[in-house]
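Okay, so here's the structure we're looking at.
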Amino acid sequence: MNRIIRSTALLAATAAVIATAGCAAGGGSTTLDPDAPVTITWWTGQADEAETILEGLAAEFEQLHPNVTIDVSSGASSTEELLQKLSAGFASNSYPNISYSFGSWASELESSGRTLDITDQVKEPDVAWDEFSEAARKTVQPTGSKTIGFPAVVDNLSLLYNKTVFDAAGVQYPTDDWTWDDFRAAAAKLTDPSTETYGYAYSVSGSEETTWQFWPHLWQNGGQILDGDGKAAFNSSEGVDALDFLRSMAQDDKSIYLDQTDTRFGQLFAADRIGMITSGPWQLNDLKTAGTSYGVTQLPGTDGDHQTVQGADLWALFDTRDANENHWTYEFTKWLTSAEQDEKWNIAYGNLPLRTSELDSPAFEEQVAALPGYDVMAKNASNAVNPRPTVPGYVGLSEAVGSAISSVLQGQGQAQQALDDAAAKADQALSD
């Protein structure tokens, strides 16, 4: 399942206050003694195999640093609950040193005043900060004034194409140079009403799946989600043209399968009923299991711009006002996100690597052999330039945009009016 869908489903309930456990902030050491015994609390936000991997890495770090104990747990029964627990912890002055956090929480966490600022530390050469994608770096620097953690998990949207469907229609496979026109023309040729085969698919559930698949079209066309004042800007001419392009495919060409469920299109693609979808690394194992013949390339673009959208989550670091805890909080997370450790975590688990330096590693090559297209998705991170907004009002913005897109693609309204209405709702959500 796409992590990014889950990341926006929870923000409306952020204010709930529930019992929590973590570090009691405020009574610790004021001067650093790196050899002193210290315990840091880490909420991983993971379960099952992923949690086991991270617990093993915590134990490995403890062996390297015997004075450090890492109290590691998932932190909550689901990742979505972590923000509520953090909010409660801030109120009770008891919160973890490190927590997995969805990228959409970043601005809210920074505004809490509880995060560490590691801007100076990540400038050190041994951190190799530029090995993280630009979108991931911007996500952990939500306002640009502070760096509140390290990237934890990254993914992106790429174009997946079904070779069986392409071969049956006699259409050439997509290339990295495809334009929107190439994409539209191929989708029309792949569509066959007699076999209920579609050239492309798009979610019209109105969820974040609907919205975040639109952002690359907006950015490639020169548009932006927000303007410099933090107001909705997606209803610009660039945004309207991008949405109208998708509308023309859905309504004029009838080449888009309009999915009300967010999940059906993946199943139909695997079953050779859809020619192309935009998806991420979470799709690859399902395709391998289904035995689907597929390929992966970067998204079709405009004027050589093939921007994608990245779901970048983070390890948020919190200031417990204990010099020793803060020191080891940073040192552990720096170690965890190094290439050597990330190969044991993200690559081993099937997530994309955090760093460009991992692309030449044996661990990466092993995963490429197991999951064809994994390498293309990893390299596509270079097209992840813009982050999704990390503002607290993003959930309302996303809902407004998703509803507008769904209506237009289903022939219920025009792009300009629908996006104007969405912008008004988004601005209200942002002001609230």
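Is it the case that Tyr257 is open to solvent by 40 Å² or more (accessible area, probe 1.4 Å), closer than 24 Å to Trp180 by Cβ, aromatic (Phe, Trp, Tyr) and in contact (Cβ under 8 Å) with a residue 40 or more places away in the chain?
yes
Only one residue in Gly199, Gly223 is over 24 Å from the mean Cα position of the chain (by Cα) and within 23 Å of Val408 (Cα to Cα). Which one?
Gly199
So Ile256 ticks every box in (1) closer than 17 Å to Gln412 by Cα; (2) modelled with pLDDT under 95 but one. Which box is left unticked?
Looking at each condition in turn, Ile256 falls short on (2).
Listed here are the residues, each with its yes/no results for (1) in contact with a helix residue (DSSP H, G or I) (Cβ under 6 Å, 6 or more places away or on another chain); (2) among the basic types (Lys, Arg); (3) under 16 Å from Trp215 (Cβ atoms); (4) open to solvent by 20 Å² or more (accessible area, probe 1.4 Å).
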site	(1), (2), (3), (4)
Ala363	yes, no, no, yes
Pro372	no, no, no, yes
Met377	yes, no, no, no
Ser382	no, no, no, yes
Arg388	no, yes, yes, yes
Val391	yes, no, yes, yes
Ser403	no, no, yes, yes
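Kindly check whether there is at least one residue in region 376-385 that is closer than 30 Å to Gln224 by Cα, in contact (Cβ under 8 Å) with a residue 12 or more places away in the chain and outside any helix (DSSP H, G or I). First the steps, then the outcome.
Step one: of region 376-385, the residues closer than 30 Å to Gln224 by Cα are 376-385.
Keeping just the survivors that are in contact (Cβ under 8 Å) with a residue 12 or more places away in the chain gives 376-385.
Narrowing the set further to residues that are outside any helix (DSSP H, G or I) leaves 384-385.
The answer is yes; a qualifying residue exists.
With respect to Lys231, is the statement that it is open to solvent by 40 Å² or more (accessible area, probe 1.4 Å), touching a helix residue (DSSP H, G or I) at 6+ places or on another chain (Cβ under 6 Å) and charged (D, E, K, R) true?
Considered against the rule, which asks whether it is open to solvent by 40 Å² or more (accessible area, probe 1.4 Å), touching a helix residue (DSSP H, G or I) at 6+ places or on another chain (Cβ under 6 Å) and charged (D, E, K, R), Lys231 comes out as yes.
Tell me which of these Asp181 doesn't satisfy, since it passes every other one: (1) farther than 18 Å from Ala423 by Cα; (2) outside any helix (DSSP H, G or I).
(2)
Mind listing whichever residues of region 112-135 are open to solvent by less than 60 Å² (accessible area, probe 1.4 Å), assigned to a helix (DSSP H, G or I) and not hydrophobic (A, V, I, L, M, F, W, C)?
Glu131
Does region 142-162 include one or more residues that are surrounded by 14 or more Cβ atoms within 10 Å (Cβ to Cβ), at pLDDT below 95 and more than 13 Å from the chain's Cα centre (by Cα)?
Yes; the residues of region 142-162 include at least one that is surrounded by 14 or more Cβ atoms within 10 Å (Cβ to Cβ), at pLDDT below 95 and more than 13 Å from the chain's Cα centre (by Cα).
Which pairs have Cβ atoms under 8 Å, sit 6 or more apart or on different chains, and link a residue in region 75-104 that is assigned to a helix (DSSP H, G or I) to one that is modelled with pLDDT of 95 or more and of a type in the set (Phe, Trp, Tyr)?
Pairs found: Thr79/Tyr100; Leu82/Trp43; Leu82/Tyr100; Lys85/Trp43; Leu86/Tyr95; Gly89/Tyr95.
Quick one: how many residues across region 308-321 are more than 17 Å from Gln141 (Cα to Cα) and surrounded by fewer than 24 Cβ atoms within 10 Å (Cβ to Cβ)?
The qualifying residues number 1.
Inside region 260-288, can you point out the residues that are assigned to a helix (DSSP H, G or I) and either among the aromatic types (Phe, Trp, Tyr) or open to solvent by less than 30 Å² (accessible area, probe 1.4 Å) (or both)?
Phe265, Gly266, Leu268, Phe269, Ala270, Pro281, Trp282, Gln283, Leu284, Leu287
Condition test on Asp322, is it closer than 20 Å to Glu51 by Cβ and touching a Ser or Thr at 6+ places or on another chain (Cβ under 8 Å)?
Against the criterion (closer than 20 Å to Glu51 by Cβ and touching a Ser or Thr at 6+ places or on another chain (Cβ under 8 Å)), Asp322 does not qualify.
Could you tell me which of the residues Lys344, Lys334 is buried (at least 17 other Cβ atoms within 10 Å of the Cβ) and closer than 18 Å to Gln63 by Cα?
Details: Lys344 fails: buried (at least 17 other Cβ atoms within 10 Å of the Cβ).
From the options Lys344, Lys334, the qualifying one is Lys334.
Which residue out of Asp176, Asp167 is under 28 Å from Gly291 (Cβ atoms), under 25 Å from the mean Cα position of the chain (by Cα) and outside any strand (DSSP E or B)? Spell out the reasoning first.
Details: Asp167 fails: under 25 Å from the mean Cα position of the chain (by Cα).
That would be Asp176, the only listed residue that is under 28 Å from Gly291 (Cβ atoms), under 25 Å from the mean Cα position of the chain (by Cα) and outside any strand (DSSP E or B).
The values are calculated or read from the model by the stated rules, or taken from the named source; none is laboratory data. None of the values given here were measured: they were computed from a predicted structure. With ideal geometry, Cβ positions are generated from the backbone for all residues, glycine too; neighbour counts draw on all protein chains shown. Accessible surface areas use protein heavy atoms only, side chains included; no ligands, DNA or RNA. Shrake-Rupley method; radii C 1.70, N 1.55, O 1.52, S 1.80 Å.
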